[in-house]
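For reference, the structure discussed in these notes is given below.
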Protein chains: 4
Amino acid sequence: MAEAPIRLGMVGGGGDAFIGGVHRIAARLDGHYALVAGALSATPVKARASAETLGLPRSYDSYVEMARAEADRDDGIEAVAIVTPNHVHADAAIAFLERGIHVICDKPLTSTMVDAERLAQVARSSDALFMLTHNYTGYPMIRQAREMIAAGDLGNLRLVNVEYVQDWMTGLAEGKQAEWRVDPARSGAGGSIGDIGTHAYNLACFVSGLRLDRLAADLDAFGAGRTLDDNAHVMLRWQGGAKGMLWCSQVAPGNENALRLRVYGDKGGLDWAQEEPNKLWFTPFGEPKRLLTRNGAGATTGNTAMSRVPGGHPEGYLEAFANLYTEAAHAIHAHRRGETVPGDLLFPTLQDGMEGMRFIEACVRSSSRDSAWVSP
Amino acid sequence: MAEAPIRLGMVGGGGDAFIGGVHRIAARLDGHYALVAGALSATPVKARASAETLGLPRSYDSYVEMARAEADRDDGIEAVAIVTPNHVHADAAIAFLERGIHVICDKPLTSTMVDAERLAQVARSSDALFMLTHNYTGYPMIRQAREMIAAGDLGNLRLVNVEYVQDWMTGLAEGKQAEWRVDPARSGAGGSIGDIGTHAYNLACFVSGLRLDRLAADLDAFGAGRTLDDNAHVMLRWQGGAKGMLWCSQVAPGNENALRLRVYGDKGGLDWAQEEPNKLWFTPFGEPKRLLTRNGAGATTGNTAMSRVPGGHPEGYLEAFANLYTEAAHAIHAHRRGETVPGDLLFPTLQDGMEGMRFIEACVRSSSRDSAWVSP
Amino acid sequence: MAEAPIRLGMVGGGGDAFIGGVHRIAARLDGHYALVAGALSATPVKARASAETLGLPRSYDSYVEMARAEADRDDGIEAVAIVTPNHVHADAAIAFLERGIHVICDKPLTSTMVDAERLAQVARSSDALFMLTHNYTGYPMIRQAREMIAAGDLGNLRLVNVEYVQDWMTGLAEGKQAEWRVDPARSGAGGSIGDIGTHAYNLACFVSGLRLDRLAADLDAFGAGRTLDDNAHVMLRWQGGAKGMLWCSQVAPGNENALRLRVYGDKGGLDWAQEEPNKLWFTPFGEPKRLLTRNGAGATTGNTAMSRVPGGHPEGYLEAFANLYTEAAHAIHAHRRGETVPGDLLFPTLQDGMEGMRFIEACVRSSSRDSAWVSP
Amino acid sequence: MAEAPIRLGMVGGGGDAFIGGVHRIAARLDGHYALVAGALSATPVKARASAETLGLPRSYDSYVEMARAEADRDDGIEAVAIVTPNHVHADAAIAFLERGIHVICDKPLTSTMVDAERLAQVARSSDALFMLTHNYTGYPMIRQAREMIAAGDLGNLRLVNVEYVQDWMTGLAEGKQAEWRVDPARSGAGGSIGDIGTHAYNLACFVSGLRLDRLAADLDAFGAGRTLDDNAHVMLRWQGGAKGMLWCSQVAPGNENALRLRVYGDKGGLDWAQEEPNKLWFTPFGEPKRLLTRNGAGATTGNTAMSRVPGGHPEGYLEAFANLYTEAAHAIHAHRRGETVPGDLLFPTLQDGMEGMRFIEACVRSSSRDSAWVSP
């Protein structure tokens, strides 16, 4: 028996905003949501125009108004996607959480630790769910990697190295995407480290199951007139003795969205690259390298569960994003029925968001102290 | 201003049928369709159960009943997706076309040339649109390849080689997918050549802009007890003097869905592989090889138009499939408004389906005549 | 105890001839040969200049003179490398074989079947050894592929597909390399099929252990004014029921030296590409793909035996070529000692050369008969 | 006119020592050297047996004896290759340099800074040449990378990242190769950082033309009972403002010899991996990625000069090594003639060796001070 679609609202994402479109596709892909309301822009006229283009039944001039009005309707939204610049996340999320509306929020959690703490307090006392879209955790091969490590296929972990490399800010980056990302007031204290470094960090933690002990960071702003970092080199010391490095950059020409994770233990290694997400190298020590595939031979439960089509029919970024939306839908369905949220749902939560914020803060702190080792 | 979603029905695709699910996702992904009715299985009880699972408003026991009933409703379906085994395509499509309902049909067109001709006659006299889901033509890099060739970037074409290699029938293939594909009564005279060879052939024609003059084929059934081919080697002579080869196989271990197209002219070459669909090699003679990417540097109009997200964020099989659904939606929207269908829509049509049928027939004919050169 | 180096002569290979230099490096690499005499060019003045540049102790104006003089010396050459255009191979080889001097001859064997038969007759009655440098058989991963197939790792073979693709004749190819290759009088009846198609065919036979039953070929000369083929598509029927294709081309822009062999059985597959020769894909059906490496985990005896350095330290074309020279040296050493040539030496022989000639002839014959199936 | 071969001796490299065999092949490959004497092992009986196996005319029980005896001969060695464990380098090199015999020494320079200074002093006052075999600088694509950066193709450099990853010490590494490398008395203060980190550092400097300002290192010994590092993460600050990272490891399963260099400027990037050495990615910002090849389209002078065979015919590790030997031969030839050594010879020298020693020392120092930034 099919569940009725979850009534979804959206804050931000008007016009040609990249990530708003992604969230809408992700919500639509598996058929679990119906987008019925939006406050798509801080500029009311733009919000309305975008809502009309998208055929949204209800458009609001602000998220405050939207939260209030939707909470009052019998058929009001059950969940809201927050896809604004970072500095709006906290207040917007709070407005909905306080009214019992589930929140699906883009990363990083907020632009400041103070905001993060405020949000966390509200979230903890709210019955509503909070999902953070660290979307790369939704890839099937990432689920397999996590499962293999948990099962001991790599032995004791020694190294967790991750890099996330782009090139779009090599020159004078312009346009909607770039504008707020280089503004500390809207983006927060981290530039590339907040925008993509947090993704890399989250992925490393998600897959390895490790927690970070300390880090030493060297942040740079290479772009002319830029105050926020566009490149970061970070050395990592994981709890339990493993080591690692994190490199994120937005000024490395030739790299579109090159997120890559490598994990090595005393029994084997794993190597995954986001631009070829349907593959995962598994390298048991002393044996031939094996190329595992999405929904292919040797697929684990999580790999298969996150897949829609057979191996060789590439799934990509949008499907991984949709996987999180679908996991959130299962949680919301359970919530509707008054049931406990199933324990096998792995979508990122407020906890991940808080850890990401601490990571950004620690990187900035270490870098300002000449790369001293600091705890996040 | 958003167009109201197109009311869509589906014939076939019940239970865990692979391709039915693909069509549903493709229809949903860009938000242009609402699936409202189905005759999802030839077995009524299964049809009903599947409809309930999917939350379909209206379920029918047969496509005949569905065509009749939906045509009578004011809010009846405007289009239908036909995703049954091949031998049902013709009658089902005819039932809807005769009632002015647009048809989106899986490939190959039908199981016999007689059926194909019958369908073609109806389709030509119907006002309704007919789209055949040769889905690989929906990939952004395939659009770029076509545009580059049309623009003369490769010079005069000399070679068009294509291969489509799988391994799932290496052993005794079982299950729903395999069952009807090895049965000539339901699949038609072609095995692998009909199932995947037609895709390869269609893609080669679509990208190169060439038409086939003659072919010489050697078909085989390696699987024990199999009557239909599971491997085919075909030599190609294109009109105008270019040559080529087509190889399709379902018994080559290690190949999941390895469709690859290579085109060479006297000025340069192109090389594309479906399993890494976001890349396209362009090799101008005497210059360094260039790796073009989806929505990346050097993207042509068609590449960008078929893309949703920036380069480096992989789009895949489902997005390519959805691109055809979206092009069909644009055509249906124009039809709604009484306008001419825009000329830049490139979704495959009945014409492509007829050419595919002639290709299958010619391969079987040539193979039975010891690989004599025959015209399709 | 080290063997004294084999005294080697060379016929052809003067000036900047590509293949002459390759043979000299191959002879030198493992230290088994000392190049002491040469008739490096048909033009005496050029022969002398080249010999002086190379520091050769003895230079001759013709191979006839050289054969005679060296045979008379106590310290005369024990072996000769013949690296001339094809039409000289037979007479030159005969001159040395008749005097008991071992011959290392470049491929193809000769330019005509008549010459081949003449040579074969002499070779059979000579005590001297004859090696044909089908150099690709010297790659370690090729040895592993052969051993795996012989051991049954792929099960019963169904498909042996091979392609050898270059681009250097895309335009008007010029220079020493091109000149004689497009001249039937010097090259023979085959163009690309003789130059590289024979390599591909030899490799397919060497690795698979199969013998060809019949072939159907379609040869073309795309280059303006060219009489010999620069592209060939060939369908293959192997004895025992396996099928295959061979494609060779010298007009496919973007391909430098793209020799690739794929073999599939009912239990698994192998895939090897010459441009990344240190890797071999092994794909057991239903299991994850495995990437085998030169001298790496899972290396077979032949892989290790043909390797000089550990995995990850790439060996290439020259090392593979040198492997044949070294195998020939082991045979010559045995001959010196009056022993039987060890049975585990796999360097190509006259027999391979004859099969290559029959293959070329069969391709030309089939193509002239509109691609009829013919026996080689 | 051919130069007479350079009479070469060897210290170390007896038995199955990996690097001794490599030096011998490298010396032989281009025909510029004749190996005529050796002190192949510190164990006389082993030295003699190895010399006999190799067919060396003269064998010595110690390098001291050899240096003395050869210097006294009219036909004594002109150059010596030193391929012993690190702690022997200094004394051996000094013994030959003091007698005017050219030295070709494996890296790192020595095992201690004190030894390095001693050696440097002798080398500076000797007329003989000193080459250090940082062999990766001999790759053709590395020469092209260096030339492109010098020509400004990347603009102002911002990032130089290098990694050198192996797996052979993942477990309890055993055998001749491992034994002395884990012993500080013979290897020096650096483990992986000395063995492979210096290669990576040298390559980064060679290609980028940058000099290091400061580094912050975190060294680890993961292997049980190991005192020397088997993994190192290092952050780099280059003079002039560029940043970078260096990661070397010998405990990362699945990595055979994975040296990779990435350099990014404000106009473009370069990416090279040693295991596929015939390729170099050049990524001009905002343009399609280009794959440059050895001796292929777009090859620079240095690429072509270091190549023996056309593109597509892979050259590898041994050819790159031989390129250094050949450059040294050109220098020694000039020396013979009393001429100045040509300025375009780029083989690594004592200066590179000293920088490598300072790098190792700085890494160890930084790591012992909790990764403080230090100057090398």
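The values are calculated or read from the model by the stated rules, or taken from the named source; none is laboratory data. Everything quoted here is computed from the prediction, not taken from an experiment. Here Cβ is always computed from backbone atoms with ideal geometry, including for glycine, and neighbour counts include all displayed protein chains. The accessibility values were calculated without ligands, DNA or RNA, using every heavy atom of the protein model including side chains. Shrake-Rupley method; radii C 1.70, N 1.55, O 1.52, S 1.80 Å.
Points to keep in mind about this one:
- For residue A:179: the one exception among (1) open to solvent by 50 Å² or more (accessible area, probe 1.4 Å); (2) under 25 Å from residue A:113 (Cβ atoms); (3) touching a strand residue (DSSP E or B) at 6+ places or on another chain (Cβ under 7 Å): (3)
- Top-ranked residue in segment B:291-334 [being charged (D, E, K, R) and within 12 Å of chain A (Cβ to nearest Cβ); ranked as surrounded by the most Cβ atoms within 10 Å (Cβ to Cβ)]: B:319
- Unique match (being within 14 Å of another protein chain (Cβ to nearest Cβ), under 25 Å from the mean Cα position of the chain (by Cα), within 30 Å of residue C:22 (Cβ to Cβ) and buried (at least 20 other Cβ atoms within 10 Å of the Cβ)) among D:7, D:28: D:28
- Within segment D:135-152, if we keep just the residues that are farther than 19 Å from residue D:260 by Cα and open to solvent by 60 Å² or more (accessible area, probe 1.4 Å), the residue that is farthest from the other protein chains (Cβ to nearest Cβ) turns out to be D:150.
- Enumeration of residues in segment D:302-339 that are in a loop (DSSP other than H, G, I, E, B) and over 17 Å from the mean Cα position of the chain (by Cα): D:307, D:308, D:309, D:310, D:311, D:312, D:313, D:314, D:315, D:337, D:338, D:339
- Segment A:63-88 - residue that is of a type in the set (D, E, K, R) and open to solvent by 20 Å² or more (accessible area, probe 1.4 Å) and, of those, nearest to residue A:40 (Cα to Cα): A:65
- Residue among C:170, C:198 that is away from chain B (no Cβ under 14 Å) and either open to solvent by 40 Å² or more (accessible area, probe 1.4 Å) or of a type in the set (Val, Ile, Thr) (or both): C:198
- Any hit, segment D:194-213, residues being part of a strand (DSSP E or B), closer than 25 Å to residue A:246 by Cα and in contact (Cβ under 8 Å) with a residue 24 or more places away in the chain: yes
- Total residues in segment C:89-114, condition without any contact (Cβ under 8 Å) to a residue 40 or more places away in the chain and either farther than 15 Å from residue C:63 by Cβ or open to solvent by 40 Å² or more (accessible area, probe 1.4 Å) (or both): 5
- Take the conditions (1) buried (at least 24 other Cβ atoms within 10 Å of the Cβ); (2) farther than 30 Å from residue B:290 by Cα; (3) of a type outside the set (D, E, K, R); residue B:203 misses just one of them, which is (2).
- Residue match in segment B:223-243 (condition: facing another protein chain (nearest Cβ under 7 Å), out of contact with any His (no Cβ under 8 Å at 6 or more places or on another chain) and open to solvent by 10 Å² or more (accessible area, probe 1.4 Å)): no
- Residue match in segment B:183-193 (condition: under 24 Å from residue B:277 (Cβ atoms), within 20 Å of the chain's Cα centre (by Cα), touching a residue at least 24 places away in the same chain (Cβ under 8 Å) and more than 10 Å from chain C (Cβ to nearest Cβ)): yes
- Close Cβ contacts (under 7 Å, 6 or more residues apart or on different chains) running from residues in segment B:220-238 that are over 15 Å from residue B:369 (Cα atoms) to residues that are among the aromatic types (Phe, Trp, Tyr) comprise B:230/B:222; B:231/B:222.
- Residue pairs whose Cβ atoms lie under 8 Å apart, sitting 6 or more positions apart in sequence or on different chains, and linking a residue in segment B:53-64 that is in contact (Cβ under 8 Å) with a residue 12 or more places away in the chain and away from every other protein chain (no Cβ under 14 Å) to a partner that is part of a loop (DSSP other than H, G, I, E, B) and buried (at least 16 other Cβ atoms within 10 Å of the Cβ), are B:62/B:42.
- Whichever residue in segment A:244-290 is open to solvent by 20 Å² or more (accessible area, probe 1.4 Å) and more than 14 Å from chain D (Cβ to nearest Cβ) and, among such residues, is farthest from residue B:317 (Cα to Cα): A:276
- Any hit, segment B:152-173, residues being over 18 Å from the mean Cα position of the chain (by Cα), at pLDDT below 95 and either under 26 Å from residue B:311 (Cβ atoms) or of a type in the set (Lys, Arg) (or both): no
- Residues that are crowded, with 21+ Cβ neighbours inside 10 Å and either touching a Phe, Trp or Tyr at 6+ places or on another chain (Cβ under 6 Å) or of a type in the set (A, V, I, L, M, F, W, C) (or both), drawn from segment A:31-51: A:35, A:37, A:39, A:40, A:47, A:51
- Restricting attention to segment A:153-162, the residues that are closer than 23 Å to residue D:246 by Cα and either open to solvent by 20 Å² or more (accessible area, probe 1.4 Å) or without any contact (Cβ under 8 Å) to a residue 12 or more places away in the chain (or both) total 2.
- Odd one out for residue A:54 among (1) open to solvent by 20 Å² or more (accessible area, probe 1.4 Å); (2) under 14 Å from residue A:325 (Cα atoms); (3) of a type in the set (A, V, I, L, M, F, W, C): (2)
- Test: residue in segment D:344-366 that is open to solvent by less than 10 Å² (accessible area, probe 1.4 Å), assigned by TED's automatic domain parsing to the domain that holds residue D:193, over 27 Å from residue C:22 (Cα atoms) and of a type in the set (Phe, Trp, Tyr): yes
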